[in-house]
Amino acid sequence: MSWLLILFIIAVVISPLMWLKQSPHSKRMTELRGLANTLSIQVSLHRRPDAREDEKALEAVCYRMPWLQRDCHQNWVLQRFSQRGWDSHCEGWRWTHHQADPAWDSLLGEIIPQMPSGVTGVIANRAGIGLIWDERGDAQDLQKMSENLQALRKKAEEMCH
C-alpha cells in the first residue's frame, strides 16, 4: 500500500513538469520563428489581410521585413483570404484597401505563383513588406518567403529613389 502512495506522490510531482514540455506543434513554431529571426524577418500577430477598418482582431501571423530606408513607405494589400476587395492581375488574388502602383505588377506576377500555399496576403505598410502565412510549411517555405520578401523590398527601394 505504501508503494502505491509513493507512486501517486511521484506522479503528482512529475505531472506539472510534463505540462511545461512543448508540444511538437509548439516546438516547430518556435524553430520556424527562430529561423525567421536569423533571416531578419519579424514575426507578429496581425489583422486578417482583408479586415475592415473596424475589425481589430489579431487573427493572422505576419512575417515582415522592415524597410531599410525610413522614407520608403508603401501602403497596399494583396490577398487571397476572401472575396473582399477588387480583382488584381494575379489570378485568385484581390486588392484590399489600397492598390499598389502598376510598377509592381510584373514582380508580383512573378513572385505570387512561387509562394507557399499557406501565404494568403502580401502587405506593404509603413513598417515594411510582409506576408500573411498560416505557418503550416517548413524551413524551405520560410527560405522561399525570405527570398520573395527581399525581392519585394528591393523593388520598393528602387521605387523610392
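Values computed for the structure shown
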quantity	calculated
Sole residue being modelled with pLDDT under 80 and surrounded by 13 or more Cβ atoms within 10 Å (Cβ to Cβ), chosen from Asp71, Asp50	Asp50
Qualifying residue in segment 86-109 (condition: in contact (Cβ under 8 Å) with a residue 12 or more places away in the chain and at positive phi)	yes
Enumerated strands (runs of 3 or more DSSP E) restricted to segment 75-161, each holding at least 3 residues that are closer than 20 Å to Leu32 by Cβ and modelled with pLDDT of 90 or more	119-125, 128-133
Residues of segment 111-130 classified as buried (at least 17 other Cβ atoms within 10 Å of the Cβ) and either in contact with a Pro (Cβ under 9 Å, 6 or more places away or on another chain) or of a type in the set (S, T, N, Q) (or both), total	7
Looking only at segment 79-110, and only at residues there that are hydrophobic (A, V, I, L, M, F, W, C) and over 19 Å from Cys160 (Cβ atoms), the one that is surrounded by the fewest Cβ atoms within 10 Å (Cβ to Cβ)	Trp86
Members of segment 1-46 found to be touching a residue at least 60 places away in the same chain (Cβ under 8 Å) and among the aliphatic types (A, V, I, L, M), listed by number	Met29, Leu32, Leu35, Ala36, Leu39, Ile41
Answer residue from segment 53-68, given it is in contact (Cβ under 8 Å) with a residue 60 or more places away in the chain and either under 17 Å from the mean Cα position of the chain (by Cα) or within 17 Å of Leu131 (Cβ to Cβ) (or both) and is surrounded by the most Cβ atoms within 10 Å (Cβ to Cβ) among those	Tyr63
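The values are calculated or read from the model by the stated rules, or taken from the named source; none is laboratory data. Everything numeric here is computed off the predicted structure, so don't read it as measured data. All Cβ positions, glycine included, derive from the backbone under ideal geometry; neighbour counts span all protein chains shown.
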